[in-house]
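Written below as structure tokens is the structure these notes are about.
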Amino acid sequence: MKRLQRLKNILRRQDIDAMLVTQPENRRYLSGYTPGDLNIGESSGALLIFRSGRPVLMTDSRFQLQAEEEVFVYDVLIYKRGLLELLKTLLVGRGVRKLAFESEYFLYSSYEKLQKISDELKIELLPQAGVVEKKRKVKDDGELAKIRASVALNEAVFQEAFKKIRPGMSERQLAILIETLMREKGAERPSFETIVAGGPNGAKPHAVPGDRPLQAGEPIVIDMGLVLDGYCSDMTRTVVLGEPDEKTKQIFRLVRKAQLAGVMAIRSGVTGSVVDKAARDIIEKGGFGEYFGHGLGHGVGLAVHEAPSLSGRYRKKLQPGMVVTVEPGIYLPGWGGVRLENMAVVTADGCEVLNTDTTFLDL
């Protein structure tokens, strides 16, 4: 597997004997093992990758059959007394002297236990951040095909749900409808909790759907995404039931103009901050700069939020094959909000917008 070999090459160059991989998306990226973690304190397994030799997937009996079905390049070992006890045995057997671990996805309590093992075995622990994530930023053709399929299914769900929205339906009812349709149409799950925010609630970028009825004439922000074959999609539409007023039209058109400016700025070699500025300048010139507080976009792949970032702080250059969202918004307390979000693949001389749905252009 090319991904595994690239990581082994990194370990060799850095003179590291082995690396413990615990972050769920990294684990899947390197092994094909699909179970996720309910939370950072409850793991479905970990990878121990040696710079030479066969790697190991460590898990417990709950996942034994699934691991043996999904993983072929790894030895599958089942622990009965905890992951770290099995890890200790493996480290002794392989003569490891330098062990890397993912410092951004490792509980401090687990680190303390690992530190005791390393002291006993005279192993040097090396915290690593973003080693696998850096490789995940650029998608290969197979990954792009899965992302395209996820985007297409997400749009199909939205289009069907949109036909069923009626005044009086609550935000929560619409969110439930959307997530039900996702699963009925074949999605594994939502890639995040669906956002439906009508009227004043739309001023909260991450509003939680409640019992408030949707009303005719008000902007309704719908932010939704799903997971298909492991890969995420993410899309936001702002819609109006009935005829929007002039203020809504004005803000909507400004946000759409900013989105197009961001899309036009994307290409290989530019930084995420440059793309963010292209869209942000439009909203600032329109007089609403203070009401656009978040970054323009983020990477999407096995995780719905991953590198790269389109924000004023992201100074790294975009590369062909990176997948990002472009999602400017204006949020006015007491009135509501408008956000529009599409996904795009970076190319050498621009980008390819993956979304084809144009329902939002009705405003």
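Annotations
- Calculated SAXS-style log₁₀ I(q)/I(0) at q = 0.13, 0.18, 0.24 Å⁻¹ - the stretch 235-284, Debye, Cα scatterers: -0.38, -0.63, -0.88
- Ratio of Rg to Rh over the stretch 73-196 (Cα coordinates, Kirkwood Rh, two decimals): 1.19
- The length gained by stretching the chain between A149 and E124 to full extension, at 0.36 nm per residue less their Cα-Cα distance, is 4.6 nm.
- Proportion of all alpha-carbon pairs of the stretch 156-267 beyond 16 Å (%): 61
- Cα gyration tensor shape of the stretch 1-119, rounded if a/c is under 1.5, else prolate or oblate by comparing a/b with b/c: rounded
- Taking the C-alpha atoms of the stretch 87-157, convex hull volume expressed per residue in Å³: 146
- From phi via Karplus (6.51, -1.76, 1.60), per-residue ³J(HN,Hα) for the stretch 183-196 in Hz, x at Gly/Pro: 5, 5, 8, x, 5, 5, 4, x, 7, 6, 5, 4, 9, 10
- Longest to shortest principal axis, alpha-carbon extents of the stretch 201-333, angstrom: 43, 39, 20
- Measuring r between the beta carbons of R313 and L4 and using R0 = 22 Å, the FRET efficiency lands at 0.10.
- Amide H contacts under 5 Å for G350: S268, restricted to partners 5 or more places along the chain or on a different chain, H placed in the peptide plane at 1.01 Å from N.
- Derived scalar couplings ³J(HN,Hα) [the stretch 134-147; Karplus, 6.51 cos²θ - 1.76 cosθ + 1.60; whole Hz; x for Gly, Pro]: 4, 6, 6, 4, 9, 8, 7, 4, x, 5, 4, 5, 5, 5
- Rounded, prolate or oblate (a/c below 1.5 giving rounded, otherwise prolate when a/b exceeds b/c) for the stretch 48-102 by Cα gyration tensor: oblate
- Highest-first packing order for the peptide set 57-69, 171-183, 18-30 is 18-30, 171-183, 57-69, based on the mean count of other beta carbon atoms within 10 Å.
- Debye-sum result for the chain in log10 I(q)/I(0), which assumes one identical scatterer on each alpha carbon, at q = 0.08, 0.09, 0.11 Å⁻¹: -0.46, -0.58, -0.81
- Most mobile listed residue (R189, R315, R54) in the chain, GNM with C-alpha springs under 10 Å: R54
- Fraction of the pair-distance distribution of the stretch 319-363 above 16 Å, Cα-Cα pairs, percent: 51
- With contributions of -39500 (n - 2.57) from each DSSP H run of at least four residues, the per-residue ellipticity at 222 nm computed over the chain stands at -11500 deg cm²/dmol.
- Nearest-ten-degree value, helix 83-94 long axis tilted from longest Cα axis of the chain: 50
- Using alpha-carbon coordinates, inclination of helix 272-285 to the longest axis of the chain, degrees: 20
- Peptides 194-206, 124-136 ordered by average Cβ neighbours within 10 Å, highest first: 194-206, 124-136
Here, each number is a calculation from the coordinates, and none is a lab measurement. None of these values were measured; they are calculated from a predicted model. When we count neighbours, we look across all protein chains shown, and the Cβ atoms used for this are built from the backbone with ideal geometry, even at glycine.
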